[in-house]
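The values are calculated or read from the model by the stated rules, or taken from the named source; none is laboratory data. Fair warning: this is a prediction, and the values are worked out from it, not measured in the lab. All Cβ positions, even for glycine, are placed from backbone atoms using ideal geometry, and neighbour counts span all protein chains on display. All accessible areas refer to the heavy atoms of the entire protein, side chains included, with ligands and DNA or RNA removed. Shrake-Rupley method; radii C 1.70, N 1.55, O 1.52, S 1.80 Å.
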Amino acid sequence: TEGGADDYFGAVIAADGKIEPRDEMPEAYRKSLIRQIAQHAHSEIIGMQPEGNWISRAPSLKRKAILLAKVQDEAGHGLYLYAAAETLGVDRADLYEMLLDGRQKYSSIFNYPTLTWADVGAIGWLVDGAAIVNQVPLCRCSYGPYARAMIRVCKEESFHQRQGYEILHVLANGSPEQKAMAQDAIDRWWYPSLAMFGPPDTDSTHSAQSMAWKIKRFSNDELRQKFVDMTVQQAEVLGLSLPDPDLRLGEDGHWAYTQPDYDELFTVIKGDGPCNRQRIEHRRAAWEDGAWVREAATAYAKKREGATV
Ligand code: ACO
């Protein structure tokens, strides 16, 4: 009908405007946003584990303080994102439940182990670097609360990326053993980082619709290419190599590269990556151990409202 939800929604999307929580929106748009934002929030929270693993073993007090701050930032990102998802009419406790019972996903990348200190550098440089390439366009996403949350998240991610790069830079210019450790970390994190962008466009279920709705602004393959183009030069400055013998600069100015193993990506997404079980178990234990805090906070809030507990 004229002036109905579809008219308003269609007009806002066509004009590159923002859809806000109280605006009418197609149910499928709302559902797809909940899926993506919740998955994104879960990734931030699960993503605290691989790096958290190194907080107690960081090589100096300064490194420890930086890493601690970084992991706390990830918690903050998760909280912004759960809040953004809640504006769509879901409860974060339900989202948590869906994460824990496997109905919702989180990024494949956090199912790989952090074997050495250099992995903290490689995660900052490559994983947070890939996250920035993927998330900067989300600042222009059509859903207002998600777009606005992304602005601060991207600023913090860019600090994270630099701290990772600096860790690798120090190692690359250190002893031969340190340099080898940095190279080994890059060798292990390169392809999983490329896989973070999702399946190739031809196999991407949601891309076409999400781009039409202006949730996504670029396809998975476009962003993956952008990341490769950016990263090759940074590796040269580090004096370390990317583990792809077929990297070639094309006449179009883009680097040709070897695709990640997408069968491996799907295996990891389905729950069979190297650390999936450990990550979810840890998350479940944290959720259960925190029950008393949630109960106490609820009781305190009720008391302050003047209600009987
Ligand atoms: N890890 C886990 N699942 C993935 C991944 C991945 N790397 N890539 C794709 N998938 C899933 C999709 O969620 C989708 O499954 P679903 O239908 O159950 O949700 C399926 O594989 C097919 O993929 P697409 O159709 O291409 O999915 P989509 O259009 O949502 O694109 C992408 C995937 C690019 C990850 C998108 O959702 C996105 O941009 N999300 C926001 C960013 C984000 O979540 N980043 C988290 C890691 S960054 C960090 O936390 C530091």
Seminar exercise, completed: Site Arg140, offset 7 angstrom along Cα→Cβ, radius 17 Å on amide nitrogen, limited to segment 227-261, gives 227
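Could you please state how large a percent of the accessible area of the chain is carbon and sulfur, counting protein chains only and using a 1.4 Å probe?
Carbon and sulfur: 56 percent of the exposed surface of the chain.
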Exercise. Which residues make up the longest stretch of the chain that has no GluC sites (Glu not before Pro) in a DSSP loop with at most 11 other Cβ atoms within 10 Å?
Worked result: 3-250
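Which net charge results for the neighbourhood of Trp125, defined as the other residues with beta-carbon distances under 10 angstrom from its beta-carbon, given Lys and Arg at +1 and Asp and Glu at -1?
In short, -1.
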Exercise. Ordered by residue, what ³J(HN,Hα) values in Hz, to whole numbers, does segment 171-186 give under the Karplus form 6.51 cos²θ - 1.76 cosθ + 1.60, where θ = phi - 60° and Gly and Pro are x?
Worked result: 5, 5, 9, x, 6, x, 5, 5, 5, 5, 5, 5, 5, 4, 5, 5
Problem set entry | Other-chain or far-sequence residues with amide H under 5 Å of Tyr143's (modelled H) | Ile19
For this session: Counting only heavy atoms of the protein chains, get the accessible area per residue of the chain (1.4 Å probe) and round it to a whole Å² value.
Result: 50
Exercise. If you add up the charges near His254, with Lys and Arg at +1 and Asp and Glu at -1, over every other residue whose beta carbon is less than 15 angstrom from its beta carbon, what do you get?
Worked result: -4
Exercise. Farthest toward the dipole's positive end in segment 189-309, which of Gln209, Trp292, Trp189, given Cβ charges of +1 (Lys, Arg) and -1 (Asp, Glu) about the Cα centre?
Worked result: Trp292
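Gain in length, Asp184 to Ala285, computed as 0.36 nm per residue apart minus the alpha-carbon separation, to one decimal in nm? Kindly include the intermediate steps, with their values, before the conclusion.
Values: separation 101, 0.36 × 101 = 36.36 nm, distance 3.18 nm.
Value of the extension gain: 33.2 nm.
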Exercise. In whole angstrom, how far apart do the alpha carbon centroids of segment 240-309 and segment 177-222 sit?
Worked result: 14
Exercise. What percent does the relative contact order of the chain come to when contacts are Cα pairs within less than 8 Å and at least six residues apart?
Worked result: 18
For this session: Please report the base-10 log of the normalised intensity I(q)/I(0) for the chain, using a Debye sum with one equal scatterer per alpha carbon and no solvent, at each q in 0.08, 0.10, 0.14 (1/Å).
Result: -0.39, -0.61, -1.13
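Of Lys62/Lys105; Lys155/Lys179; Lys18/Lys155, which sit over 24 Å apart, Cα to Cα? Write out the running numbers ahead of the final one.
Working: Lys62/Lys105 34 Å; Lys155/Lys179 29 Å; Lys18/Lys155 21 Å.
As for pairs spanning more than 24 Å Cα to Cα, those are Lys62/Lys105; Lys155/Lys179.
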For this session: Between Ala297 and Ala11, with labels modelled 7 Å along Cα→Cβ, what's the label distance in nm to one decimal, could you check?
Result: 4.0
Exercise. Can you list the residues, at least 5 places off or on another chain, whose amide H is less than 5 Å from the amide H of Trp255, using H built in the peptide plane?
Worked result: Asp229, Gly250
Exercise. Using only Cα atoms, what is the ratio of the radius of gyration of segment 209-304 to 2.2 N^0.38 Å?
Worked result: 1.77
